[in-house]
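Peer 1: Here it is, the structure, as structure tokens.
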């Protein structure tokens, strides 16, 4: 249930392009290994800046997020989750323009303010030429 709620909040924040709500999902001291641009993101402020740039970069297109094959392990105040996450850009007319599927892992911890993402790692496999494989 914890991960399902976090995934729903993540999906909603992205759909609304709400960088503040998106960053609020992350612990203040989160460390994220993102695929794009930065070797790592340190802290919720860095996540917020990344989200601001991401959401602005898609203009009027909608971003659709789908969590697939989610697996979770929860123990006390910590949880681990991993899933395939499909990101799609959809035009204002409803046409899917592009998509990619990432592998995502979350390390979550319970805080006084609810569950937060302490660590996120996203990746795609590489083919023999070192190019990303963006679909399953």
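Peer 1: Can you compute the helix-only [θ] at 222 nm over the chain? Use -39500 (n - 2.57) per DSSP H run of at least 4 residues, normalise by all residues, nearest 500 deg cm²/dmol.
Peer 2: Calculated mean residue ellipticity at 222 nm is -7500 deg cm²/dmol.
Peer 1: Where Rh denotes the Kirkwood radius from the mean inverse Cα pair distance, what is Rg over Rh for region 1-81?
Peer 2: Taking Rh as the inverse mean 1/r over Cα pairs, Rg/Rh reads 0.97.
Peer 1: Between residue 134 and residue 28, what is the label-point separation in nm under the 7 Å Cα-to-beta-carbon projection?
Peer 2: Distance between the two pseudo-spin positions: 3.7 nm.
Peer 1: Let me ask you something else. Measure of size requested: the Rg and Dmax of region 37-114, with Cα atoms as the atom set and Å as the unit; please supply both.
Peer 2: Cα-based Rg and Dmax for region 37-114 come out at 15.3, 45 Å.
Peer 1: With everything on Cα atoms, drop me the angle between helix 2-15 and the longest principal axis of the chain, reported from 0 to 90° to the nearest 10.
Peer 2: For helix 2-15, the angle is close to 40 degrees.
Peer 1: Given points 7 Å out from each Cα along the Cα-Cβ axis, report the residue 5 to residue 49 separation in nanometres with one decimal.
Peer 2: According to this spin-label approximation, the distance is 3.1 nm.
Peer 1: If you don't mind, there's one more thing I want to ask. Return one number: the angle in degrees, 0 to 90 and rounded to the nearest 10, between the long axis of the Cα atoms of helix 44-57 and the longest principal axis of the Cα atoms of the chain.
Peer 2: Roughly 20 degrees, rounded to the nearest 10.
Peer 1: While we're here: When the label point is put 7 Å from the Cα of residue 60 along its Cα-to-beta-carbon vector, which residues of region 88-103 have a backbone N closer than 19 Å?
Peer 2: 89-98
Peer 1: Next question. Looking at the P(r) of the chain, how many percent of alpha-carbon pairs lie beyond 20 Å?
Peer 2: Values: 4216 of 9180 pairs.
Tail of the P(r) past 20 Å holds 46 percent of the pairs.
Bear in mind these aren't lab numbers, they're just calculated from the coordinates by the rules spelled out. Not measured: the values here are computed from a predicted model. When we count neighbours, we look across all protein chains shown, and the Cβ atoms used for this are built from the backbone with ideal geometry, even at glycine.
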